[in-house]
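Presented below is the structure to which this report refers.
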Amino acid sequence: MKKIVIIGASSGMGRKVACDFARLGWRVGIAARREDKLREIKDMFPGRVEYMTIDVTASDAEERFNKLIELIDGMDYMLYASGCGWSNPELDTSHDEQTIAVNVLGFTRMINAAYKYYKATANLNRGHIAAITSVGGTKGIGTSATYSASKRYQWTYLQAIDQLAHRQHVNVSVTDIRPGFVDTALLDKRYPLEMSVGYVAPRLEKAIITAPRIKYIDSKWAVVTALWKLVPDALWRRLEFDF
Ligand SMILES: NC(=O)c1ccc[n+]([C@@H]2O[C@H](COP(=O)([O-])OP(=O)(O)OC[C@H]3O[C@@H](n4cnc5c(N)ncnc54)[C@H](OP(=O)(O)O)[C@@H]3O)[C@@H](O)[C@H]2O)c1
């Protein structure tokens, strides 16, 4: 029986992936801050799902993450799905602080904890670390400066951890999953090319299992991002987005 730990499983994409894997018979360890939402998922899948409240911005997050791994007797896969972000053209620093705390500090803490788990267990079966980042890391977005910068940080960090694993002979794959707009609580309005959670989830799950280094969800967003990368900075600064 496969075992997965999902951080950020109380809503949106993390919740859907947790429910889908539990339905398949996997043991699923779920975490986030809202206990009522986590308990609801555990009650839907008795014996398959365990939970631990974790605030990734808190100093006890790593200890609680390790307890969650113990609750499901090990971890074959880890998915980091926690995240936050706001459209912030007025540069409200409280939003910036929250975004950096979750998407940078919390992300780093949880990816490190997963890596150290695989390193310490010297696992014979390959371990997997996956994180939902975003196409938003492609270029700095003026109205979402901290969010886009935090996602670029996540891209770079995952690449670094993948290299570290190779160097330290740690048997783990590292996957950076980059969706475009998805209809979840994170978005405050409708956006172009928006995808439903139901459409995205099977693609996410395939990426978690097959473990490519980088996965764009979906092909049209891969094309959009490829074109986006080609936009020269002189033109990029003139474009008006309202993200
Ligand atoms: N929706 C999109 O358009 C989109 C596009 C590209 C990438 N993404 C990325 O996808 C990931 C998942 O987002 P989503 O769209 O599924 O949004 P969501 O429904 O808002 O889910 C966010 C999750 O993060 C958790 N979280 C927030 N702060 C946390 C904290 N301090 N400690 C632990 N968990 C925390 C939330 O749980 P609690 O509040 O219970 O703690 C929730 O489970 C994020 O990284 C987001 O940036 C989203």
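The values are calculated or read from the model by the stated rules, or taken from the named source; none is laboratory data. Note that this is a predicted model, so its numbers are computed, not measured. Counting neighbours? That spans all protein chains shown, and the Cβs are built from the backbone with ideal geometry, glycine included. To get the accessible areas, we keep the full protein, side chains included, count just its heavy atoms, and leave off ligands, DNA and RNA. Shrake-Rupley method; radii C 1.70, N 1.55, O 1.52, S 1.80 Å.
Points to keep in mind about this one:
- Restricting attention to segment 57-81, the residues being within 12 Å of the ligand (Cβ to nearest atom) and open to solvent by 10 Å² or more (accessible area, probe 1.4 Å) number 5.
- Test: residue 168 is in contact (Cβ under 8 Å) with a residue 24 or more places away in the chain, more than 22 Å from residue 11 (Cα to Cα) and open to solvent by 70 Å² or more (accessible area, probe 1.4 Å): yes
- Of all residues making up segment 209-226, the number that are in a loop (DSSP other than H, G, I, E, B), surrounded by 13 or more Cβ atoms within 10 Å (Cβ to Cβ) and away from the ligand (no atom under 14 Å from the Cβ): 2
- Within segment 88-101, considering residues that are away from the ligand (no atom under 12 Å from the Cβ) and open to solvent by less than 50 Å² (accessible area, probe 1.4 Å), the one farthest from the chain's Cα centre (by Cα): 88
- Scanning segment 115-122 for any residue that is under 17 Å from the mean Cα position of the chain (by Cα) and within 14 Å of the ligand (Cβ to nearest atom) turns up nothing.
- Selection count where residues are assigned to a loop (DSSP other than H, G, I, E, B) and out of contact with any Gly (no Cβ under 9 Å at 6 or more places or on another chain), scope segment 18-53: 8
- Here the condition is being charged (D, E, K, R), touching a strand residue (DSSP E or B) at 6+ places or on another chain (Cβ under 8 Å) and modelled with pLDDT of 95 or more; of 73, 92, 43, it holds for 73 alone.
- Any hit, segment 173-186, residues being at negative phi, open to solvent by less than 30 Å² (accessible area, probe 1.4 Å) and part of a helix (DSSP H, G or I): no
- Selected residue (only one of 137, 127 is within 11 Å of the ligand (Cβ to nearest atom) and crowded, with 21+ Cβ neighbours inside 10 Å): 137
- Yes/no for residue 238 being open to solvent by 50 Å² or more (accessible area, probe 1.4 Å), out of contact with any strand residue (DSSP E or B) (no Cβ under 9 Å at 6 or more places or on another chain), more than 16 Å from the ligand (Cβ to nearest atom) and assigned to a helix (DSSP H, G or I): no
- Taking the numbered list (1) within 23 Å of residue 86 (Cβ to Cβ); (2) open to solvent by 50 Å² or more (accessible area, probe 1.4 Å); (3) among the small types (Gly, Ala, Ser) in turn, residue 150 passes all entries but (2).
- Condition check for residue 108: within 15 Å of the ligand (Cβ to nearest atom), more than 21 Å from residue 15 (Cβ to Cβ) and surrounded by fewer than 17 Cβ atoms within 10 Å (Cβ to Cβ): yes
- Failed condition for residue 206, given (1) open to solvent by less than 60 Å² (accessible area, probe 1.4 Å); (2) away from the ligand (no atom under 11 Å from the Cβ): (1)
- Top-ranked residue in segment 163-180 [being of a type in the set (A, V, I, L, M, F, W, C) and under 14 Å from the mean Cα position of the chain (by Cα); ranked as nearest to the ligand (Cβ to nearest atom)]: 177
- Scan of segment 2-37 for residues that are closer than 14 Å to residue 208 by Cα, away from the ligand (no atom under 13 Å from the Cβ) and either buried (at least 23 other Cβ atoms within 10 Å of the Cβ) or not aromatic (Phe, Trp, Tyr) (or both), ordered by number: 2, 3, 4, 20, 21, 28
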